[in-house]
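Nothing in this text is a laboratory measurement; each read-out follows from the coordinates by a stated rule. As the structure is a computational prediction, the values presented were derived from the model and not from experiment. Methodologically, a virtual Cβ is constructed for each residue, glycine included, from the backbone with ideal geometry; neighbour enumeration extends over all protein chains shown.
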Amino acid sequence: MQLEQSTKLATLGEMAAGIAHELNQPLNAIKLTALNLLRIHGASKDKAVAQMPAKLEQIAAQVDRAATITDHMRQSARQAGEEEAVAVLSEVVANSYLLVESGFRLEDIEFRAELAADLPVCRIHPVRLEQVLLNLLTNARDAFVEGDVAKDRRWIRVATVATDENSVTLEVEDSAGGIPTEIIDRVFDPFYTTKDVGKGTGLGLSISY
């Protein structure tokens, strides 16, 4: 459990720069909205008062957006307990993408979500399932960059479907080119990594497995 937690924190740490960039967007929007209202107030107090409710709503919406990101970052960093052993797959997929969205945009990676409607709640811990998805998504992102895949051919697909009355299938697919046959048997070994020193713990896939 300690190894699982430390690997999760390492993954979140690698994404910190992208998340900071994601938080800068609502902060900049808040600043621009406030400065715009101040300029209007300088020209016409009546006009500023008239526009104030709409501007404040815009600011509140951006605060909510930033809070969603930080709250989920904190939730993801928690150690998984057994008290939440059920998950809504569409929410887990959405929360996982929230943490990698800025990095995907930066690298021109298309995210394709094909989520079946009205899936049953699954008996699996949402934080642990999210950790699996984050490992797969970040590994695919790194493979695109390191493999120099053309930017118009970069996509990652996550799909869910009800297999039968008692089970649900979650599929993750990408266009990064696959894993070379000479290392395919080792990818789940603890501490095995093809990444440069300092860019991977070699534990993500073994813990996901």
For the range 81-178, count all C-alpha to C-alpha pairs, find those more than 24 Å apart, and express that count as a whole percent of the total. 25 percent
At what distance in nm do the modelled label points of residue 145 and residue 182 sit from each other, each positioned 7 Å from its Cα along Cα→Cβ? 2.5 nm
Explain nothing, just compute: Karplus ³J(HN,Hα) = 6.51 cos²θ - 1.76 cosθ + 1.60, θ = phi - 60°, for every residue of the range 30-44 in order, whole Hz, x for Gly and Pro. 4, 4, 5, 5, 5, 5, 4, 5, 5, 5, 4, 4, x, 8, 7
FRET efficiency for residue 157 and residue 1, Cβ-Cβ distance as r, R0 = 45 Å, nearest 0.05? 0.90
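Using a Förster distance of 22 Å, how high is the FRET efficiency between residue 57 and residue 94, based on the Cβ-Cβ distance and rounded to 0.05?
Details: r = 24 Å, r/R0 = 1.09.
Once the sixth-power term is evaluated, E becomes 0.40.
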Once the Cβ-Cβ distance between residue 65 and residue 86 is put in as r, and R0 is 30 Å, what FRET efficiency do you end up with, to the nearest 0.05? 0.65
Please compute the length gained on full extension between residue 44 and residue 169, using 0.36 nm multiplied by the number of residues separating them and subtracting their Cα-Cα distance. 39.1 nm
